[in-house]
Structures are given as structure tokens and as C-alpha cells.
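Okay, so here's the structure we're looking at.
The values are calculated or read from the model by the stated rules, or taken from the named source; none is laboratory data. As the structure is a computational prediction, the values presented were derived from the model and not from experiment. Here the Cβ is made from the backbone with ideal geometry for all residues, glycine too, and neighbour counts use every protein chain on show. Ligands, DNA and RNA are stripped out before the accessible areas are found, and what is left, the full protein with its side chains, is counted by its heavy atoms. Shrake-Rupley method; radii C 1.70, N 1.55, O 1.52, S 1.80 Å.
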Amino acid sequence: MFINAYLLYIFQCMMRVSKILISFSALFILLHIWGAVSPSHYNWGFHFFAFYSSASSIPILIFSLLLFYPTFREYLLKIVEKFHKNITTKFPTWINFFIAISLLILLIILFPAKGHLLGDGALLLREVSGIKLGDELPPTFDRQFLVVIILQFITTIFKTNTVVDAETIFILVDFIAGLFFVLIIFLTLRLIKCPSVEKFFLGCILFFAAGSQLFLGYVEIYAFFYVATFAYIIVGWYTLKKNLNLFFPILFFTLMVGLHIGSLIFFPTLLLLLAYRWKTNRIETISITGISLILFVIIITANFKEVEIIFNKILYESRWNFLPLSQSGNYFSYPIFSFVHLIDWLNAIILFSPFVIPLTIVFLVTRQNKYQWKDPVLIFLLFFSILGLIFTYIIFFALGMARDWDFMASFFLPLLILNVYVLSKSFEPSNTRSVTLLIVTLSAIHWFSWIGVNSNEQRHLERVKLLHKPYFLGEVPRLNYYENLGSYFWWKGDYQQACSYFEQYLQIDSTNPRILGNISAIYTHLENNEKNLWALKQAASANSKNPAIYINLGVAYFKAGDTLNAMNCYNKAISLDSTRAKAYANLGSIYVNKKNFDLASFNFSKAISLGLTDPLLYREAGAAYYLKGDYEKSIEYLDHYLTLAPNDEGVRLFNNKLKNKIDYLKRKK
């Protein structure tokens, strides 16, 4: 208390609260100018204006600077107050809700998320579409019990409605989550007692956080986790404020844990709710808790084997989930107590909501007389926020924290709601309303700059290419980074850039057969036969399970005149997948050269039966059967060849002579 009193004295001596907030706003502008002028991995949480043209960013900067003039803010505030008054007085709440939903739909249309390079978006799209490249689902899905059900639901929708692509399905699913998100915002504002315009500002603060990007077609499953976390916090607030039945917070806590087991970090908040309810209604607390425990035991018992496997996996992988106290090998990006980690963590908070910490600290310190420090809601939200911040600070996130902002958003959310609670108790319209408008407007500008990057594929790509600093990336995140960018450029047909990223991958791990197979295909397009052969040999020595590797390696050996190794490669491909028609066709060509026409004809016919329709294959099969002495089979394949290549007069003449010869032999008999 002495420290708080001292800080309060210092703040009061230096300036009023409004001036403190204006100072933070000025710092906000300076940070964004730095990010725009010199974008890097150091400022990944606020460098978005670097990816816009000067024609866009300079007017926004001028507008932002004008907001620091009180006269201009007062002018804007009158416009907002007038607009808000017309909306709230002319329309009931449910109409306002539908207006908010309509705005959400408009945002989805104008700013659909296109940036999936940093997360599992491309993987999920393949999973839903049924295009799997091996066992791709990452271990994190083991910690998201309900996510598997959601994924199966999305996949079922996709399979039963082939007209709609997988990305559109995610847009629809995100929109459903967005409906609940907007509904919870409205329910939150009903808990707050403050002037109507301030409620509007608080609603904007809740919306203009990075988490709402999840509802704009973002290909991930964290939208429901964000909503479930939001719902649990607000239901807990209602439980403490309105004596809501304990069943509801227990239900939403269960949903939250089901969507990600990491939210067990918030279990103490549930105990806190139970403790407060115990003081007022012991019978309800005992009965609801008892029923919940019984249901929990029944569910665990019924699914014991599956739960045991999942928890064993989680325990095994937990050694990689938490940052070390000191640098440990190449796996982790940084130790927990390091300057780089602090920079990364602060970037994540600024990305999520740039004013969330300054506003909370300033009002808690300078407006202590406004709060009842024994208020259960304040204690609940403070406790919740501290647990969320601890979790985000100790957990190891892929690709620095830039990749997993979507997951972290749910753990920063309690702090945002605490922010709203603190503001609702601290408003002094005559002094702070215009400053609140300043903060809300700057937050909106920050948010729009962020989603504008993610909704534009080129901007998103240019930003991702900056996030390459090794001191922000551990070994596995770097591998994911290089593979994602390499795959992107491969898909775009930019083989030089794709090659560059896959080669950087191989500098870290030169034994991954999937990457070696990918880069061998790139070397083929770049006509680099020497490196292509090297990559294929490396993939084969790594015991790749991909038959295409051995087929391509066989082709390379054959071109080099090494028919023995070529045959071994084709046979290896067939042993892995007996339906690989190209392997049979290539074997047939080798046996022709070896004058083993029995095996040549067998392999050619096998390739054709498996679906190969190359005209030359029919011609080669016809020739092999002829040299074998099976003239009728030869004619059969040559006839088919001529239907595909009717202008080949040489083969037609040979085929007619062969038919005449067979007729002659038949007559002679």
C-alpha cells in the first residue's frame, strides 16, 4: 500500500490522468512510425503500416496527429455522441445487435483473412479437403479435445457440399463464432453501469483487439476457444454480480478446457467462484460441485484409454512446452529471463490490444478511491488476468510469438476485460471522454492496419519474410518457417525462391525425406540434374516412404546409364505402392534394353492396366509382345496406339504387315 500511495502521489504531482493517457498515445504513434519506417522482427506487433503505400499511411498519420488537438477531438466526440444517441433512442437493443452483426458481415466481405503462412491454416485446409501429406496433424490437436469434433463437423459439411470450397466453410464457421462473440459483448455491457456513450467506447475496446481477427475467415480453430474463454469470464462476472447458478461457470469452464487443455491454468478462478458462492449458498455449491464431479468421473471412466493416451502424450511433450531458465540447445528460441523474450512478449501484447496494460495500470493506480478492493468481481478479474499473463510468459510459442498470436489471444483476453471493468468504474465524462475517444480511435487504426495486412496475400507474404531472426526462432519453428515459405513459392511456381527456403531448411535438418523429395522436384524444374540426383539419394538413404522419390531416383540413374540401381529403385517404389504405374512402365523400358521381352511386356501391360494412357507406352508394349512372339497381343496394343496416334504411318504399315502375316499363318495351318 505504501508503494501504491507513493506512485499515486508522483502521478498526481506530475500530471492529470488525461495527460498520462495522451502521453501513452504519443508513444503509440512513435512506435508505429518506427515500425513503418524500419519494419523488422523486433517490432512485429506494430509494424503493419510498412506494408501500405505512402498514399494510405501518411493521411492516417495526419489524422492520428490531429486527434491530439482537443478541439478536433471535441468535434469528433460530438459526431459520435449524436450518432450514438440516434441509434440507441430510435432502435431497441435487439436491432442494435443486428446492426453490429451486419457490420461484422461487412468486415468479413471487405477484410477476409488470406494470411495462413504462419499458422496451421494450409494444413487444416488440406485436412478438411482430404488432401493429406502423411500424418500432418500436429501434437497440439491432442490438447484440443473438442477441436477434433469441430474439425470432423467441418469436414462432413465439405464432403456433403462439394460446391463450397474448404476456405468458405471456415468463413462460415468463424462467422458463427463471431455471432456469439458479439452477443457476449452486448451481455458484458449490460453488466456495466456508466453513461451510454462510454458503453459504446467499451464495446469498441472489446472488439478492436487482435482476437476479433479470428472471426473474419481466419483458418484456425481458435475462434471457439476465444469465445468460450470470453463466455466463461463474463459468466463468472454474472455469477458474482447477479447470483447466476454455479452450473453455468462450470459448464463454460469445461468447454474452455475441452477446446484447449492449456486453459487449465485458469482452474484457480473456478475455485475462487466456488469459494465466494460457498459463503452465500452452501447447498447449491455442494450439489452443483458434486454433480459435476460425478459426471466428470463417468466421462473419464467411459473414455479412459483415449484420455490416458492423450495425457501421456501431453506429459511427454510438456518438456518442450515451457521456456527454459537458461538457453538449452537449439530447440528453444530463448530462455525465459531474457531481453529477447521480453521484447517478443511485449510485441504480442501490443498486437493484441496496444493500450490494455497502460490503461489498467494508470486507472488502478490513480483511481484507487473508485474501487472497492474487496469487490469479488475485481479480485476475480485481477486473478484471471495474472494467470493469463503468467501462462503467455512461460509457454514456448512457435516462430517466436508471431505465429501463435491466435492461441495467445484467449490468454490475454482476461486482461482486456479487466481493462473494461476498470474503465467503467473510472469514467469522468467532463475530463476523460475525449481522451477515451482518442484511445479507441488509435486502437481501431492499429486493428485495421493489422487485418488489412492479413487480408492481402502480398502484404502478408512481405511481412512473413521479415520474421526470420534466429534469436526469435528455435530450431523447430525455423524448420516450419522455411517449409511454409518454400511450399508457398512452390505453389506459386517461383522455383528459385522455393529452392532458397528449402535449402535453408536442409542446412538445419538434411535428413527429412519429405523436404528432400520437394527440393528434388524443384531441382528438376530448375534443370539442375546434379543437385536433383543428390537430393533423391539423400531421401532414399533417409528411408523415405514416398514411392515417387524412388521413381524419380530411378529415372536419374537410368539417364546416367546405371540400369541396375534404376531397377532397384523402381522395385522399391512398387514394394511401397503396388499401384505405381510409372514404375512398371519404366521397368518395362529397362527390360526391353536387356532384351528380356517377357518381363518387358508384363510391366508394360501392368502399367496400362493401372491407368497410364501414353500412346508411346502402347507402342512399346506392342513391340515387346512382337519380339516375344505374341503377335495377337502385339496387334491389340498397336491398334490402340494408332487410335491415339493415327498419323504414324510407319507403325500402321508395320501393323498391317503383321496382320497379313497372322492371316497367312492361319490359312497355312
Among the residues of segment 21-46, what is the count of those that are small (Gly, Ala, Ser) and under 25 Å from the mean Cα position of the chain (by Cα)?
4
Being touching a residue at least 24 places away in the same chain (Cβ under 8 Å), surrounded by fewer than 18 Cβ atoms within 10 Å (Cβ to Cβ) and not hydrophobic (A, V, I, L, M, F, W, C) narrows Glu483, Glu475 down to just Glu475
Please go through segment 351-396 and pick out each residue that is closer than 21 Å to Leu27 by Cβ, touching a Phe, Trp or Tyr at 6+ places or on another chain (Cβ under 6 Å) and at pLDDT 85 or above.
Leu351, Phe352, Pro354, Pro358
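When you check Thr280 against the structure, is it in contact (Cβ under 8 Å) with a residue 12 or more places away in the chain and surrounded by fewer than 12 Cβ atoms within 10 Å (Cβ to Cβ), yes or no? Step through it out loud before you land on a result.
Details: in contact (Cβ under 8 Å) with a residue 12 or more places away in the chain: yes; surrounded by fewer than 12 Cβ atoms within 10 Å (Cβ to Cβ): yes.
Considered against the rule, which asks whether it is in contact (Cβ under 8 Å) with a residue 12 or more places away in the chain and surrounded by fewer than 12 Cβ atoms within 10 Å (Cβ to Cβ), Thr280 comes out as yes.
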Lys313 - would you say it is part of a helix (DSSP H, G or I), charged (D, E, K, R), modelled with pLDDT of 75 or more and open to solvent by 50 Å² or more (accessible area, probe 1.4 Å)?
no
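Of Ile62, Ile108, Ile79, which residue is β-branched (Val, Ile, Thr) and within 29 Å of the chain's Cα centre (by Cα)?
Working: Ile62 fails: within 29 Å of the chain's Cα centre (by Cα); Ile79 fails: within 29 Å of the chain's Cα centre (by Cα).
Testing whether each residue is β-branched (Val, Ile, Thr) and within 29 Å of the chain's Cα centre (by Cα) leaves just Ile108.
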Select from segment 634-669 the residues that are basic (Lys, Arg) and touching a helix residue (DSSP H, G or I) at 6+ places or on another chain (Cβ under 9 Å) and write down the one among them that is surrounded by the fewest Cβ atoms within 10 Å (Cβ to Cβ).
Lys661
Any residue in segment 177-193 that's closer than 18 Å to Val377 by Cα: show its pairings with residues that are acidic (Asp, Glu) and open to solvent by less than 10 Å² (accessible area, probe 1.4 Å) at Cβ separation under 9 Å, as long as the two are six or more apart or on different chains.
Ile192/Glu198
(1) under 25 Å from Ser434 (Cβ atoms); (2) at pLDDT below 90; (3) open to solvent by less than 70 Å² (accessible area, probe 1.4 Å) all hold for Met14 apart from (3)
Can you spot a residue in segment 583-592 that is free of Cβ contacts under 8 Å to residues at least 60 places away in the same chain and either over 20 Å from Asp562 (Cα atoms) or assigned to a loop (DSSP other than H, G, I, E, B) (or both)?
no
Hey, among Leu638, Leu599, Leu617, which residue is in contact (Cβ under 8 Å) with a residue 24 or more places away in the chain and among the aliphatic types (A, V, I, L, M)?
Leu617
Taking Ser455 as meeting all but one of (1) closer than 21 Å to Ser25 by Cβ; (2) modelled with pLDDT of 90 or more; (3) among the hydroxyl-bearing types (Ser, Thr, Tyr), write down the number of the exception.
(1)
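Do we have any residue at all in segment 133-146 that's modelled with pLDDT of 70 or more, in a helix (DSSP H, G or I) and either open to solvent by 30 Å² or more (accessible area, probe 1.4 Å) or of a type outside the set (D, E, K, R) (or both)? Steps first, please.
Within segment 133-146, the first condition is being modelled with pLDDT of 70 or more, and the residues that meet it are 146.
Okay, now just the ones that are also in a helix (DSSP H, G or I), so 146.
Of the ones still in play, those that are also either open to solvent by 30 Å² or more (accessible area, probe 1.4 Å) or of a type outside the set (D, E, K, R) (or both) are 146.
Looking for residues that are modelled with pLDDT of 70 or more, in a helix (DSSP H, G or I) and either open to solvent by 30 Å² or more (accessible area, probe 1.4 Å) or of a type outside the set (D, E, K, R) (or both), one finds at least one in segment 133-146, hence yes.
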Hits in segment 609-633 (condition: assigned to a helix (DSSP H, G or I), open to solvent by less than 50 Å² (accessible area, probe 1.4 Å) and over 16 Å from Ala645 (Cα atoms))
Ala624, Tyr625
Would a scan of segment 442-465 turn up a residue that is of a type in the set (Ser, Thr, Tyr) and touching a Cys at 6+ places or on another chain (Cβ under 9 Å)?
yes
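Quick check on my filter: what residues within segment 575-608 are open to solvent by 30 Å² or more (accessible area, probe 1.4 Å) and more than 45 Å from the chain's Cα centre (by Cα)? Step through it out loud before you land on a result.
Taking segment 575-608 and keeping what is open to solvent by 30 Å² or more (accessible area, probe 1.4 Å), we get 575-580, 582, 586, 589, 591-599, 602, 606.
Answer for segment 575-608, where residues must be open to solvent by 30 Å² or more (accessible area, probe 1.4 Å) and more than 45 Å from the chain's Cα centre (by Cα): Ser589, Tyr591, Val592, Asn593, Lys594, Lys595, Asn596, Phe597, Asp598, Leu599, Phe602.
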What are the residues in segment 183-198 that are open to solvent by 10 Å² or more (accessible area, probe 1.4 Å) and either under 20 Å from Thr229 (Cβ atoms) or modelled with pLDDT of 90 or more (or both), if any?
Leu183, Ile184, Ile185, Phe186, Leu187, Leu189, Arg190, Leu191
Among the residues of segment 381-440, write down those that are out of contact with any helix residue (DSSP H, G or I) (no Cβ under 6 Å at 6 or more places or on another chain) and part of a loop (DSSP other than H, G, I, E, B).
Phe396, Phe397, Ala402, Arg403, Asp404, Glu428
Could you list, in sequence order, the residues of segment 27-75 that are crowded, with 18+ Cβ neighbours inside 10 Å and assigned to a loop (DSSP other than H, G, I, E, B)?
Pro39, Trp44, Gly45, Phe46, His47, Leu67
In segment 216-231, anything in a helix (DSSP H, G or I) and either open to solvent by 10 Å² or more (accessible area, probe 1.4 Å) or not aromatic (Phe, Trp, Tyr) (or both) is listed as Tyr222, Ala223, Phe224, Val227, Ala228, Thr229, Ala231
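For segment 646-654, check the following and say yes or no: at least one residue is under 29 Å from Thr563 (Cα atoms), part of a helix (DSSP H, G or I), of a type in the set (Val, Ile, Thr) and touching a residue at least 24 places away in the same chain (Cβ under 8 Å). Break it down into steps so the answer makes sense when it comes.
Just the residues of segment 646-654 that are under 29 Å from Thr563 (Cα atoms), to begin with: 651.
Then drop every residue that is not part of a helix (DSSP H, G or I), which leaves 651.
Remaining after also requiring of a type in the set (Val, Ile, Thr): 651.
This time we only want the ones that are touching a residue at least 24 places away in the same chain (Cβ under 8 Å), so: 651.
Yes, some residue in segment 646-654 is under 29 Å from Thr563 (Cα atoms), part of a helix (DSSP H, G or I), of a type in the set (Val, Ile, Thr) and touching a residue at least 24 places away in the same chain (Cβ under 8 Å).
Is it true that Ile390 is within 30 Å of Gly236 (Cβ to Cβ), in contact with a strand residue (DSSP E or B) (Cβ under 8 Å, 6 or more places away or on another chain) and open to solvent by 10 Å² or more (accessible area, probe 1.4 Å)? Let's see the steps before the verdict.
Numbers: within 30 Å of Gly236 (Cβ to Cβ): yes; in contact with a strand residue (DSSP E or B) (Cβ under 8 Å, 6 or more places away or on another chain): no; open to solvent by 10 Å² or more (accessible area, probe 1.4 Å): yes.
So Ile390 does not fit the description; no.
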Tell me whether segment 520-543 contains one or more residues that are closer than 20 Å to Leu576 by Cβ, at pLDDT below 85, assigned to a loop (DSSP other than H, G, I, E, B) and more than 22 Å from the chain's Cα centre (by Cα).
yes
Within segment 395-451, restricting attention to residues that are more than 26 Å from Lys78 (Cβ to Cβ) and charged (D, E, K, R), which residue is least open to solvent (accessible area, probe 1.4 Å)?
Asp406
Candidates Gly554, Gly561 - the one that is in a loop (DSSP other than H, G, I, E, B) and either over 25 Å from Ala623 (Cα atoms) or over 37 Å from the mean Cα position of the chain (by Cα) (or both)
Gly561
Scanning segment 509-563 residue by residue, those touching a Phe, Trp or Tyr at 6+ places or on another chain (Cβ under 8 Å), of a type in the set (Val, Ile, Thr) and either within 21 Å of Leu587 (Cα to Cα) or surrounded by fewer than 21 Cβ atoms within 10 Å (Cβ to Cβ) (or both) turn out to be Ile551, Thr563
Could you list, ordered by first residue, the pairs with Cβ atoms under 7 Å in which the first is in segment 340-356 and of a type in the set (Asp, Glu) and the second is buried (at least 22 other Cβ atoms within 10 Å of the Cβ), at least 6 apart or interchain?
Asp344/Gly400; Asp344/Met401; Asp344/Phe472
